[in-house]
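To start, the structure under review is shown below, and the notes come after it.
The values are calculated or read from the model by the stated rules, or taken from the named source; none is laboratory data. The structure displayed is predicted, hence computed values, not measured ones. We place every Cβ from the backbone using ideal geometry, glycine too, and count neighbours over all the protein chains shown. We work out accessible area using only protein heavy atoms, side chains counted, and drop any ligands, DNA or RNA first. Shrake-Rupley method; radii C 1.70, N 1.55, O 1.52, S 1.80 Å.
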Amino acid sequence: MSVIILGIESSCDDTSAAVIADGLLRSNVIAGQKVHEAYGGVVPELASRAHQQNIVPVVSEAIRQAGIDKKDISAIAYTRGPGLLGSLLVGTSFAKGLAIGLDIPLVDVNHLHAHVLSHFIKNEETDKVPEFPFLCLLISGGNSQIILVKSMEEMEILGKTIDDAAGEAFDKCAKVMGLPYPGGPHIDRYAAEGNPEAFTFSKPHIPDLDYSFSGLKTSFLYTIRDKVKENPDFIKENIADLCASLQKTIIDILLNKLQKAIKQTGVRHVAIGGGVSANSGVRKAVEELCRKMNVTPWIPQRSFTTDNAAMVAIAGYYKYLNKEFSDLALPPFARVTI
Ligand code: KG4
């Protein structure tokens with residue numbers, strides 16, 4: 001009999017549902033939330049309300065696209081955390097209600113595990129996947145971590161940010177330039193036309209494999225403040241060069257520690273994940289680094305970089321095979337590590 005997992009993701013501002021059948025992706029439906037754009041960041045209460053509106057149509061559409069019936073589902077995998085508590089509550093409550101209604105098991109999934117395991121989403125049986133142990137550079141709006149992935153379940157954080165995440169650096173600097181939220185994709189687009197050597201911003205001196213991005217944000221802010229005093233049109237006239245230089249600095253910071261981690265661990269496979277791994281410059285730079293160091297890069301499809309339920313469903317699929325079911329009484333967790 002087939003193992004069919006319905007995945008549900010609602011940790012931040014994307015409502016998503018996906019179906020994985022016998023390890024292969026059958027559907028992945030994502031509803032974003034435009035409502036936050038006007039506020040320059042995610043407003044938690046508005047996110048929860050939008051999840052409530054979206055969750056039924058998104059789940060129905062994922063089931064329809066997969067060509068299955070609700071009764072075919074073997075288990076429901078849902079994101080337990082980390083994330084916004086109100087948002088998590090919507091997905092968690094919905095998953096519990098549907099599991100009770102269908103009388104099938106529930107599987108709770110750690111959102112960060114799911115990002116790492118997104119590399120195991122397959123469309124075809126023959127699709128290749130990373131070999132254990134591998135490194136995953138997990139870079140999103142809330143995390144910047146270098147993770148040693150030893151197996152589907154065993155993951156060790158080798159380094160993490162001590163302040164802002166890489167995504168926050170993109171978003172906060174974008175805000176300084178008056179770009180809409182989330183700023184990362186806008187910076188990516190402008191950077192393609194700019195000179196990455198035009199401006200220099202400060203880089204952190206943090207020991208071991210940890211990251212820091214708050215100094216860069218301040219250095220960027222001060223540069224802009226001083227230049228705008230001299231020329232009010234400075235940002236408009238230099239936007240491409242500013243974006244290219246900022247993006248290059250973020251990439252240099254990320255790759256410096258990644259390179260160290262590859263040397264220290266001696267792994268042969270290196271993956272990236274999280275929203276910032278959609279960045280064109282990051283993707284190219286990681287591929288180049290891997291080529292130089294003779295290791296295999298794993299660059300995810302762009303649709304699997306930002307929050308999606310396909311990664312939750314695949315993480316849930318492997319937990320289901322191990323019979324790791326969850327109790328209906330489990331509450332969601334806003335903060336939880338890998
Ligand atoms: O993983 P994700 O969808 O959400 C959470 O952090 O929960 O990541 C969102 C982050 C945002 O900071 C956004 O600006 C960034 O990913 N991002 C990008 C790009 N696309 C998304 N940053 C740089 N370049 C991109 N192309």
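Just a few scattered comments:
- Peptides 137-150, 274-287 ranked from most to least packed give 137-150, 274-287, packing being the mean of other C-beta atoms within 10 angstrom over each peptide's residues.
- 28 Å Cα-Cα reach of LYS70 towards lysines, excluding residues that sit fewer than 8 places from it in its own chain: LYS96, LYS122, LYS319, LYS323
- Here the accessible area is traced with a 1.4 Å probe on the protein chains. For the range 1-69, carbon and sulfur cover 51 percent of it.
- Cross-link partners of LYS227 among aspartates and glutamates (Cα-Cα below 15 Å; sequence separation of 8 or more within a chain): GLU237, ASP241
- Mean shadow area of the chain, taken as a quarter of the surface of its Cα convex hull (nm²): 17.0
- The spacing between the range 273-312 and the range 243-258, judged by their C-alpha centroids, is 14 Å.
- Its DSSP H runs of at least 4 residues, each contributing -39,500 (n - 2.57), put the calculated 222 nm mean residue ellipticity of the chain at -14000 deg cm²/dmol, to the nearest 500.
- Which of GLN53, VAL35, ALA66, positive extreme of dipole for the chain (C-beta unit charges): VAL35
- Summarising the strand pairing of the chain, around 55 percent of its internal DSSP beta bridges are antiparallel.
- Database remark: amide H of THR161 closer than 5 angstrom to the amide H of SER144, TYR211 (H placed geometrically; neighbours at sequence offset of 5 or more, or on other chains; Pro and chain starts carry no H).
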